[in-house]
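Bear in mind that the values in this text are calculations on the coordinates, not laboratory data. Since we're looking at a predicted model, the values are computed, not measured. A quick note on method: Cβ atoms are made from the backbone with ideal geometry, for glycine too, and the neighbour counts reach across all protein chains shown.
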Amino acid sequence: MAANNRRMSGKKGAQVGSGGQRRKGLEGKGPTPPAEMRKGHKKNRVAGAKAKQSVRRPAPRGRGGKGTSEMVVGRNPVFEALRDGVPATTLYVQQFIDNDERVREALQLAAERGGIHLMEAPRPELDRMTNGLNHQGLVLQVPPYEYAHPEDLAAAAADAGQDPLIVALDGVTDPRNLGAVVRSVSAFGGHGVVVPERRAAGMTAGAWKTSAGTAARTPVARATNLTRALESYKKAGITVVGLAADGEAEIGDLDALGGPVVIVVGSEGKGLSRLVGETCDFRVRIPMPGGAESLNAGVAAGIVLYEAARRRV
């Protein structure tokens with residue numbers, strides 16, 4: 001018994017005044033992360049394996065109907081993309097990331113939207129995925145955009161019993177301009193946007209953000225050859241109207257805007273290409289008494305769409 005007492009007497013009991021330290025040690029560190037992000041969990045191992053496979057495997061491509069997947073990198077860009085409704089399949093989170101407010105907000109948005117996989121990956125893996133960009137521990141994968149066919153836009157108008165109102169972009173390379181045009185088409189009751197397959201802006205994350213969510217309900221079609229697509233519209237009885245600074249008429253004088261019409265907008269610098277300009281039934285200009293030489297594609301399209309919508313009412 002004496003031996004037992006000696007062994008017990010060597011143990012240290014709770015020190016006076018240590019309660020505050022113990023309470024601090026028991027303080028929580030925020031909500032429990034999802035199973036996919038808890039190291040050692042089965043779902044975490046499965047998610048890690050899928051992350052490596054998705055990086056190594058090239059994005060699937062349709063028969064000209066899909067774009068390519070892209071990555072949004074950085075804490076603020078990822079948060080803004082999730083907040084603005086940019087489509088996403090996977091949110092990659094760096095292992096042992098500093099759990100600041102922006103990271104927590106991004107994780108919360110991804111969980112609230114649903115359908116977005118959360119995958120934890122080591123920093124070297126994220127560095128390789130982003131080609132060394134400053135990802136700050138967050139990478140969002142945006143799936144390939146599924147483009148419509150130009151004929152689908154006219155068919156959708158016919159199904160709705162309406163005259164087609166379509167915008168075609170010729171040489172517009174800024175995705176933000178494309179997003180702005182999509183937003184204007186949606187606002188004024190248009191049936192979609194046509195873009196060339198080459199040397200033109202596509203539906204990237206930037207275009208989605210600028211569209212302010214309207215890209216989810218306004219189709220974008222991709223044409224292998226824009227001139228041939230416009231000729232096909234003409235054969236279907238749709239008037240093709242091109243915007244040009246030296247157009248023969250002003251938009252307010254063109255009655256054709258009240259019927260089935262495709263409005264073609266060129267780039268801010270070069271305007272319409274020669275072949276596209278020759279294909280148009282009419283070339284019209286926007287009066288600018290202020291003396292500006294040109295407008296960007298998003299603003300120009302919005303003005304003409306308003307005029308078309310006014311005539312249709």
- Mind checking the log10 I(q)/I(0) for the stretch 224-304 at q = 0.26 Å⁻¹? Debye, one equal scatterer per Cα, no solvent, two decimals. -1.41
- Note on the structure: Residues meeting the amide H criterion for V86 (H placed from the backbone, H to H distance under 5 Å, 5 or more places apart or on another chain) are none
- A student applying the Cα gyration tensor rule (rounded when a/c is under 1.5; otherwise prolate if a/b is larger than b/c, oblate if not) would label the stretch 166-313 rounded
- Message: Show me, for the stretch 246-254, the HN-Hα J-couplings you get by feeding each phi into the Karplus relation (A = 6.51, B = -1.76, C = 1.60, θ = phi - 60°), rounded to Hz, glycine and proline as x.
- Response: 9, x, 6, 9, 8, 4, x, 9, 9
- Packing-based order for 274-280, 198-204, using average beta carbon neighbours within 10 Å, highest first: 198-204, 274-280
- Message: Please list, ordered by chain and number, the residues whose modelled amide H lies under 5 Å from the amide H of V240; skip anything fewer than 5 residues away on the same chain.
- Response: V262, D281, F282
- Message: Can you give me the long-range amide H partners of E268? Hydrogens built in the peptide plane at 1.01 Å from N, cutoff under 5 Å, separation of 5 or more residues or another chain.
- Response: A297
- Item | From phi via Karplus (6.51, -1.76, 1.60), per-residue ³J(HN,Hα) for the stretch 115-121 in Hz, x at Gly/Pro | x, 10, 6, 9, 10, 8, 9
- Message: Defining a contact as two alpha carbons under 8 Å apart and six or more residues distant in sequence, what relative contact order in percent does the stretch 93-211 show?
- Response: 22
- Kindly write out, for the stretch 216-231 in residue order, the coupling ³J(HN,Hα) from the Karplus curve 6.51 cos²θ - 1.76 cosθ + 1.60 (θ = phi - 60°), rounded to whole Hz, with x marking Gly and Pro. 6, 10, 10, x, 10, 9, 10, 9, 4, 9, 5, 4, 5, 5, 5, 4
- Across the alpha-carbon set of the stretch 195-249, Rg over Rh with Rh taken as the Kirkwood radius works out to 1.04
